[in-house]
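The values are calculated or read from the model by the stated rules, or taken from the named source; none is laboratory data. In this text the structure is predicted, and so the values were computed from the model without any measurement. Glycine also receives a Cβ, built like all others from the backbone with ideal geometry; neighbour counts cover every protein chain displayed. With ligands, DNA and RNA removed, areas are computed over all heavy atoms of the protein, side chains included. Shrake-Rupley method; radii C 1.70, N 1.55, O 1.52, S 1.80 Å.
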Amino acid sequence: GKAIHTEVGKMNETSSHEETCIVCETKKSRGIHIYTKFICLECEKKVVSTPTSDPNYEFFVRKLKSLHTPTLYS
């Protein structure tokens, strides 16, 4: 497994700078951006694969509520 993981990491990595994931609050270099927020690859996989009946689902929903688009003041 490790050799393959390293290969994939090299392929997908565009920069080595790290950002804090809004779900696990850990600094990670790989993940996705939704609006201005960052979700690491591990949490993104967890969120996608967690069934709605899972107790952790509610936790993810609460975390992801901070993703709402910013209010525009006119």
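Some values worked out for this structure:
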| quantity | calculated |
| --- | --- |
| Residue count, region 54-74 (criterion: surrounded by fewer than 16 Cβ atoms within 10 Å (Cβ to Cβ) and either outside any loop (DSSP other than H, G, I, E, B) or within 14 Å of the chain's Cα centre (by Cα) (or both)) | 10 |
| Test: residue in region 44-53 that is modelled with pLDDT under 90, open to solvent by 50 Å² or more (accessible area, probe 1.4 Å), part of a helix (DSSP H, G or I) and touching a strand residue (DSSP E or B) at 6+ places or on another chain (Cβ under 7 Å) | no |
